[in-house]
Amino acid sequence: MRSASRGIAFIVVIWVLLLLAVLLAGFAVIARTEALQARHLAESTRARYMAEVGISRAIWELRNPDPLTRWASDGRGYDFEFEGAKINVAVQDESGKIDINAVDGPVLQRFLVASGLDEQFAQQIADAVLDWRDADDLTQPMGAEDVDYEREGYPYGAADNGFQTVGELQQVMGMDYELYRRLEPDLTIWGGSAQPNAGSASLAVLSSFPGMSPQMAEQMIAMRSQIQPGDPAGATLTLPDGTPLLTGGGGVTYTVRSKATLANGAWTQVDATIRLGGAAGARAYTILQWREGSAG
């Protein structure tokens with residue numbers, strides 16, 4: 001009897017020890033997971049602040065009074081290191097984009113065709129954009145006013161006002177999310193001109209200029225990327241109508257994309273749209289839009 005009791009006690013002890021081992025293993029896994037999460041959070045936070053360093057560096061470079069060393073705002077990348085992080089920064093002048101509040105129909109239609117739309121669909125979207133922002137209820141040839149939105153079952157009509165954000169374009173009749181995603185990088189509400197600035201235009205935008213083919217636009221962008229903003233050599237690059245590609249200056253509003261990569265491979269990207277200038281004694285720039293990008 002005593003031997004049986006000892007055997008049962010031994011089995012109970014074994015099960016208790018096994019249970020304790022399982023619990024300890026679980027606690028060890030949880031502790032390791034929390035440590036990894038804390039480390040990842042710390043690395044992501046550091047990478048984010050390093051990306052903000054890139055934003056600040058870009059603002060400083062854009063205010064550089066020397067045009068031969070000032071950073072170009074045509075989307076080309078600049079690389080530098082800061083406290084062990086590798087930072088890549090690209091600056092895009094908003095004046096080189098299609099301003100959906102100022103662009104006229106023909107320019108917008110050519111841009112849409114250059115972006116891959118057929119002529120008819122491009123005119124449909126362009127006319128619908130014009131009808132969305134104009135104050136009247138007169139419909140463009142292939143556009144859409146309130147009655148058209150109602151007929152198609154939309155719960156709203158044309159805004160009859162300027163776009164408040166680029167994202168509002170998704171509400172225009174005929175626009176879907178995939179098309180919007182394709183067009184969005186080249187669109188703005190801060191350009192301020194019916195004709196985008198060729199000196200900082202992307203391939204699709206530059207291809208929309210009269211007489212410009214995609215191949216010619218690619219060549220011009222390749223040559224433009226080798227020229228500093230104040231380099232006299234820029235005068236040799238001309239549009240098909242003879243206008244210098246880098247004529248005049250850019251705007252005062254820029255989108256800065258900054259990606260910071262740490263030594264261990266962790267990285268974060270931040271996009272900021274900023275406007276330089278302001279009243280005397282005020283901040284040297286204003287943040288119009290801030291987007292936390294991808295991270296890894």
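Would you mention how many residues in segment 234-269 are of a type in the set (A, V, I, L, M, F, W, C), free of Cβ contacts under 8 Å to residues at least 40 places away in the same chain and open to solvent by 30 Å² or more (accessible area, probe 1.4 Å)?
2
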Item to check | Condition met for residue 213 (touching a Lys or Arg at 6+ places or on another chain (Cβ under 7 Å), at pLDDT below 95 and of a type outside the set (A, V, I, L, M)) | outcome: no
Next on the checklist: Just to be sure I understand the filter: pairs with C-beta atoms under 7 Å, separated by 6 or more residues or on different chains, first member in segment 188-211 and under 12 Å from residue 96 (Cβ atoms) and open to solvent by less than 30 Å² (accessible area, probe 1.4 Å), second member among the basic types (Lys, Arg) and in a loop (DSSP other than H, G, I, E, B). Which pairs pass?
Outcome noted: 188/97; 191/97; 196/97; 205/97
Next on the checklist: Looking at the structure I just gave you, is residue 195 in a loop (DSSP other than H, G, I, E, B) and within 30 Å of residue 71 (Cα to Cα)?
Outcome noted: yes
Checklist entry - When both residues are 6+ apart or on different chains and their Cβ atoms are under 6 Å apart, which pairs have a first residue that lies in segment 135-159 and is under 13 Å from residue 172 (Cα atoms), and a second that is open to solvent by 80 Å² or more (accessible area, probe 1.4 Å) and modelled with pLDDT under 95? => result 145/137
Item to check | Lone unmet requirement of (1) over 25 Å from residue 94 (Cβ atoms); (2) open to solvent by 70 Å² or more (accessible area, probe 1.4 Å); (3) of a type outside the set (Val, Ile, Thr) for residue 148 | outcome: (2)
Item to check | Which listed residue is touching an Asp or Glu at 6+ places or on another chain (Cβ under 6 Å), open to solvent by less than 20 Å² (accessible area, probe 1.4 Å) and not aromatic (Phe, Trp, Tyr), from 127, 131 | outcome: 131
Checklist outcome for this item: Among the residues of segment 152-182, the number that are open to solvent by less than 40 Å² (accessible area, probe 1.4 Å), under 18 Å from residue 289 (Cα atoms) and assigned to a helix (DSSP H, G or I) is 4
Next on the checklist: Scan segment 89-108 and tell me whether some residue there is farther than 21 Å from residue 195 by Cα and out of contact with any Ser or Thr (no Cβ under 9 Å at 6 or more places or on another chain).
Outcome noted: no
Next on the checklist: With the structure loaded, tell me whether residue 92 is part of a helix (DSSP H, G or I), touching a helix residue (DSSP H, G or I) at 6+ places or on another chain (Cβ under 7 Å) and within 25 Å of residue 206 (Cβ to Cβ) or whether it fails that test.
Outcome noted: no
Checklist outcome for this item: Note: among 116, 96, just one is surrounded by 16 or more Cβ atoms within 10 Å (Cβ to Cβ) and small (Gly, Ala, Ser), namely 96
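The values are calculated or read from the model by the stated rules, or taken from the named source; none is laboratory data. The structure presented is a predicted model; accordingly, all values stated were derived computationally and were not measured. Don't worry about glycine lacking a Cβ; one is built from the backbone with ideal geometry, like all the others, and counts go over all protein chains shown. The protein model used for the area step is the full one, side chains on, heavy atoms only, and it has no ligands, DNA or RNA in it. Shrake-Rupley method; radii C 1.70, N 1.55, O 1.52, S 1.80 Å.
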